[in-house]
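Since the structure comes first, as structure tokens, the remarks are kept for the end.
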Amino acid sequence: MKDEKIVFDDMNKVVIIGCGNVGMSYAFSLIIDSKVNELVLIDINKQKADGEALDLLHASSVTEHKIKIKAGDYCDCDDADIICIAAGRNQEKGESRTDLIDKNIGVFKSIISEVNKTKFNGIYLIATNPLDVMTYATLKLSHFPAERIIGSGTTLDTARLKYIVSATVGVNPKNVHGYVVGEHGDSEFIPWSSVTVGVNPASKFLTKNQQNKILADVRNSAYDIINKKGNTAYGIGICLRNITDAIFNDSNLIFTVSSYNTKFNCCVGYPAIVNRNGIHKTLPINFTPDEQKSFSLSVKAIKDTIKQIKL
């Protein structure tokens, strides 16, 4: 287990494994404005990685943020601070996130086996679906401390929640406070008892029917976007960038990332403080009895999927 203290130098180096839509949306957000000074792209299609790196380099020439960019190989992981895994099959029309599990577990076994041969001693950031299961697989395959394995979790779902509530109520999304928790998938849910608009409970602005519709819209957002354009990428790219900057800035920001829960022996989306060491700690939510039931069912959905894989 690589449990030595993380020491960041001034380079703030990120390696992205997987140059698909998600990985490149994340990469593009990093070159516009981030704390990252060096970016390496790795893909099974090396020509694509070369092309993406060149395209990003050209874009970076007209941004204020200067960053080293190149296509590389696993040897570049030696001194990386963060490795983001965005490789694997994308969710297609008619598929659930869990439909991807068999092929993507094989991909992760190959990737992490290669990273394990390097001196990498940083933080893993996971963006591949089924997200919570792949985060758990990374934990088991890498043998890293749990606090240094971070899945994007329900950060994007939480962003969708804030957007939809803000549009419904007529306030800025920054004034909507609350979280989507549980599986990044069909069993995720909103603990409405903890959602506020400004300082007031959301229930003062939203009827029960509106709350139910918002939950359905949040859950179905990815399916809707995929049916219309084939993939989701921009939202998760920004969420990954925000998590990355929280690490490099040692910000102690709260995100609903997927992290290991010792009580349930799985990774699940839940509010956690993120800083330069990864997951600092998770924060409690005072669930109502019905919300606690929903959370338990969501954890069960993740664990049932984990039972399908062999690590």
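Some notes on this structure:
- For region 13-153, the percent of C-alpha pairs falling in each 10 Å distance bin, counted from 0 to the bin holding the largest distance, reads 12, 44, 34, 10, 0.
- Per-residue [θ]222 nm for the chain (sum of -39500 (n - 2.57) over DSSP H runs n ≥ 4, rounded to 500): -13500 deg cm²/dmol
- Violating pairs (Cα-Cα greater than 22 angstrom) within the set LYS119/LYS310; LYS213/LYS293; LYS35/LYS228; LYS174/LYS293; LYS228/LYS293: LYS119/LYS310; LYS35/LYS228; LYS174/LYS293; LYS228/LYS293
- The alpha carbons of the chain give a radius of gyration and a Dmax of 18.8, 55 Å, in that order.
- Extreme residue, positive dipole direction of the chain, given options GLY235, PHE108, SER166 (C-beta unit charges): SER166
- Relative contact order of the chain, taken over Cα pairs closer than 8 Å and 6 or more residues apart, is 19 percent.
- Along the axis of the charge dipole computed for the chain (Cβ charges of +1 for Lys and Arg, -1 for Asp and Glu, origin at the Cα centre), the listed residues PHE248, ILE32, LEU125 are led at the positive end by LEU125.
- Mean-position separation - Cα centroids, region 40-55 and region 269-311, in angstrom: 34
- 10 Å Cβ shell holding at most 12 others, DSSP loop, GluC sites (Glu not before Pro): longest site-free stretch of the chain: 93-311
- Neighbour count of at most 15 Cβ within 10 Å plus DSSP loop: longest trypsin sites (Lys or Arg not before Pro)-free window in the chain: 120-262
- LYS263/CYS75 FRET efficiency (R0 45 Å; Cβ-Cβ; nearest 0.05): 0.70
- Dipole check for the chain: with +1 at the C-beta of Lys and Arg, -1 at the C-beta of Asp and Glu, and the Cα centre as origin, the magnitude is about 700 Debye.
- Acute angle (nearest 10 degrees) that the helix 131-142 long axis makes with the longest principal axis of the chain, alpha-carbon atoms: 40
- Cα gyration tensor shape of region 159-310, rounded if a/c is under 1.5, else prolate or oblate by comparing a/b with b/c: rounded
- Length added when fully stretched, ASN45-SER61, from 0.36 nm per residue minus Cα-Cα: 3.3 nm
- Computed 3J(HN,Hα) for region 64-72, one whole-Hz value per residue from the Karplus formula 6.51 cos²θ - 1.76 cosθ + 1.60 where θ = phi - 60°, is 7, 8, 8, 8, 7, 9, 7, 7, x, glycine and proline marked x.
Bear in mind that the values in this text are calculations on the coordinates, not laboratory data. Just so you know, these numbers come straight off a predicted model, no measurement behind them. For neighbour counting, all protein chains shown are included, and Cβ atoms are generated from backbone atoms with ideal geometry for every residue, glycine included.
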